[in-house]
């Protein structure tokens, strides 16, 4: 029997914890907002060092999903689920219990794959909940689409910084050679960009370097190498008090969620003249892709790809707000999203 407990958190619509002693499940789901629609966000499995770390992460991630959906123009709110544990502990009973947890939200939260969970795992979750997207035979693995959207964001960022969207000759330092970072590297290399890549798994970095003609850099050095663009594609918080003074880039554009450890770090980047492409704007293509499953008639890849093109236009609009109002791009992205949510609230009032 899954034990579900609600946790009151100011500014969040619903946060719950689930424990299932039989399967070993220990998880949190956070619904930040459903102003624009049901909260959609992936299911992350990670060996968090404490319950507080897991709770902090699910809160940050779910809020980010609210802003991601709003900027992408989707009728979705923001939610997320995190599971505490080693990825090797996965079992069918484990994901069936997670399906019961998802179902307890009655459709206000919709899940999908995320870090250390796969399409196959979502199929097991779907045995116990109808509120699952990204299943086999539908939109499937979102990683290639996420990488494509970040590449579109990179194009807009290069245009802003260099006056041209050409990737040729640009040096991009990619931190994280996983399912998204590796595909992002391929897009860059195919258009003539040079790849520097680091990963905590050396074999992953070597594989990307070999495929792209790039160069492997140690995880400790990737944030301080000379480059045109630093691309965080691993976990969040890589832009912080310790790393900002090390940066030798002109722009930041990567796939990781919550790249800024704190909001003030966006202001610090602006003061240094580093143009930051807000993560939840450029990494929205995976969300756009799974959202298309919910459209009338079901998933249509061509329509999903057309909607992803908005990422580039959204980045241009955010750079314009930043320039006109003299604020960081992070603050400009928040403002861009909040305007859409405010419009929706006025319409529904």
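Quick one: helix 143-162 against the long Cα principal axis of the chain, what's the angle to the nearest 10°, folded into 0 to 90? Once rounded, one gets 30 degrees. Judged by the gyration tensor of its Cα atoms, with axes a ≥ b ≥ c, segment 182-235 is oblate; a/c meets the 1.5 cut and b/c is at least as large as a/b.
Where both bridge residues fall in the chain, DSSP classifies roughly 40% of the beta bridges as antiparallel.
Just subtract the alpha-carbon distance of residue 168 and residue 242 from 0.36 nm times their residue separation and send over the number in nm, one decimal. Fully extending the segment from residue 168 to residue 242 adds 23.6 nm. Helix 92-103 and the longest principal axis of the Cα set of the chain meet at an angle near 90°.
Percent of C-alpha pairs per 10 Å bin in segment 180-323, short distances first: 11, 37, 34, 16, 3, 0.
Of the residues 174, 29, 188, the one that moves most in a GNM of the chain with alpha-carbon contacts below 10 Å is 188. Under 17 Å from a label point set 7 Å out along the Cα-to-Cβ vector of residue 303, the amide N atoms of segment 116-155 belong to 133-135, 138-140.
In terms of its Cα atoms, segment 238-349 spans 50, 32, 21 Å along the principal axes, sorted from long to short.
Please work out the C-alpha center-to-center distance from segment 113-180 to segment 28-46 and express it in whole Å. Here the answer is 18 Å between Cα centres.
Contact order for segment 14-80, expressed relative to its length and based on alpha carbon pairs under 8 Å spaced 6+ residues apart, stands at 39 percent. Across 49, 179, 204, mean-square fluctuation computed from a Gaussian network of the chain (C-alpha pairs under 10 Å connected) peaks at 49.
With the Kirkwood sum run over all distinct C-alpha pairs, segment 130-264 has a hydrodynamic radius of 15.1 Å. Scaled against 2.2 N^0.38 Å for its residue count N, the alpha carbon radius of gyration of segment 35-176 is 1.19.
Largest GNM mean-square fluctuation among 48, 109, 28, using the chain with Cα springs under 10 Å: 48. Taking a ≥ b ≥ c as the square roots of the eigenvalues of the Cα gyration tensor, segment 284-349 is classed as oblate, since a/c reaches at least 1.5 and a/b does not exceed b/c.
The Cα center of segment 249-317 and the Cα center of segment 226-241 differ in position by 15 Å.
For the chain, the C-alpha radius of gyration divided by 2.2 N^0.38 Å, with N the number of residues, is 0.95.
Axis angle, to the nearest 10 degrees, between helix 329-348 and the longest C-alpha principal axis of the chain: 40 degrees. Among 227-233, 151-157, the peptide with the highest mean count of other Cβ atoms within 10 Å heads the list, and the full ranking is 227-233, 151-157.
Readers should treat all values here as calculations from the given coordinates under stated rules, not as data from a laboratory. Quick caveat: nothing in here was measured; it's all calculated off a predicted structure. In this analysis, Cβ positions are derived from the backbone assuming ideal geometry, glycine residues included, and neighbour counts consider all displayed protein chains.
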